[in-house]
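*Asks:* Below is the structure I would like to discuss, written out as structure tokens.
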Amino acid sequence: MPANSSNSRTEPRHHRTAKFYGQPGFERIRQANITIIGLGGVGGHAAVNLARSGIGALHLVDFDEVTDSSLNRSPYAGPLNVGSLKTDVLAACLAEICPDTHVSITSQRCGPDNQAELVSLDSPARPDLVIDAIDSVQDKISLLAWCRQNNIPVLASMGAAGKRDVTLVRTGPIAETRVCPLAKQVRLGLRDLGVPLDIPCIWSLEKVASGRGGPLPSQMSLPGVLGYGLASLALDLIAREEK
């Protein structure tokens, strides 16, 4: 359940955020319910940003565990968390640093078989906005199509691995994406489903650094920038929205 905005006005840690968005906008932030699907480098940063900004409620969705190799991109996990579910670790972190954000978790993979349960169309569980930070191409395409077809606002992240140049990050509709291999696959998949390519997203024009087999090389900066970018877009949309 989103937080009571009347209580948040007296919280000193929220004063500068409320001043930035204006009290009416900040009250909308305090009442908002956002679902974040995918809690890796991008989704984890987005979640921390939104909670610290006073978002009322977060629904965190991920099936994966914290691994040693993911620690170089995570804003919420440490070596002692390796082997634990990302949802559990992030929820515990947010409970400590942002206790007035209501956090619920689902430790499942989001796909065509369960996305209708994870992104409910019925109030009060229906989210005000969904953030897609999924790595799997087909699951990402399916989620974006579901949200677009059911009029649920959604913001999407394209590929962050193997990139470092923050000056090449862009935001806009998926139709405008270029260079990013993940974005190309998403465009083609949505087009095949007849879904308009007007879904807002964040991507990079930087070419992916070549790896020598195995997972792509990655570091924290670019995933963080994309995650914070998604959070910023989400906060702007919510603060401006008249209920």
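*Asks:* Do you know the relative contact order of the stretch 39-82, to the nearest whole percent, from alpha carbon pairs under 8 angstrom that are 6+ apart?
*Replies:* Taking the mean separation of contacting Cα pairs over the length of the stretch 39-82, I get 50 percent.
*Asks:* How do ARG191, ARG178 rank when sorted from fewest to most other Cβ atoms within 10 Å of their own Cβ?
*Replies:* The fewest-first ordering by Cβ neighbours comes to ARG178, ARG191.
*Asks:* At a threshold of 8 angstrom on Cα-Cα distance, excluding pairs fewer than six apart, so keeping six or more, what relative contact order does the chain reach in percent?
*Replies:* On the way: 479 pairs, mean separation 54.2, N = 243.
For the chain, the relative contact order is 22 percent.
*Asks:* Using the Cα centre as the reference, give the magnitude of the dipole from point charges on the C-beta atoms of the stretch 164-243 (Lys, Arg: +1; Asp, Glu: -1; all else neutral), rounded to the nearest 20 debye.
*Replies:* The calculation lands at about 340 debye.
*Asks:* In degrees, nearest 10, range 0 to 90: what is the angle between the Cα axis of helix 137-149 and the longest Cα principal axis of the chain?
*Replies:* Between the helix axis and the principal axis of the chain, the angle is about 50 degrees.
*Asks:* Hey, if you put +1 on the Cβ of every Lys and Arg and -1 on every Asp and Glu Cβ in the chain, which of VAL169, ILE238, LEU121 ends up farthest toward the positive end of that dipole?
*Replies:* VAL169
*Asks:* What area, in nm² and to one decimal, does the C-alpha convex hull of the stretch 164-243 cast on average over all directions?
*Replies:* Taking a quarter of the hull surface, the average projection is 6.8 nm².
*Asks:* Right, here's the next one. Place the peptides 68-76, 220-228 in order of packing, highest mean first, counting for every residue the other Cβ atoms within 10 Å and averaging per peptide.
*Replies:* Per-residue Cβ counts within 10 Å, averaged per peptide and sorted highest first, yield 220-228, 68-76.
*Asks:* Put one equal scatterer on each alpha carbon of the stretch 5-240, apply the Debye formula with no solvent term, and list log10 I(q)/I(0) at q = 0.12 1/Å to two decimals.
*Replies:* These q points yield log10 I(q)/I(0) values of -0.64.
*Asks:* Mean-square fluctuation check for the chain, GNM, Cα pairs under 10 Å: which of LEU85, LEU58, LEU129 is largest?
*Replies:* Highest fluctuation among the options: LEU85.
*Asks:* Provide the three semi-axes, in whole Å and in decreasing order, of the ellipsoid equivalent to the stretch 1-136 as defined by the square roots of 5 times the Cα gyration tensor eigenvalues.
*Replies:* Taking √(5λ) for each Cα gyration eigenvalue gives 25, 19, 11 Å.
*Asks:* In whole Hz, what ³J(HN,Hα) sequence does the stretch 169-179 give by Karplus (6.51, -1.76, 1.60; θ = phi - 60°), x for Gly and Pro?
*Replies:* 7, 9, 10, x, x, 4, 4, 8, 5, 9, 6
*Asks:* Right, next: Rounded to the nearest 20 debye, what is the charge dipole size of the chain about its Cα centre when +1 sits on each Lys and Arg Cβ and -1 on each Asp and Glu Cβ?
*Replies:* Details: 24 positive and 24 negative charges, 155 e Å.
Taking the Cα centre of the chain as origin, the dipole is about 740 debye.
Here, each number is a calculation from the coordinates, and none is a lab measurement. Since the model is a prediction, treat every value here as computed from it, not as a measurement. Note that each Cβ is placed from the backbone with ideal geometry, even for glycine, and that neighbours are counted across all protein chains shown.
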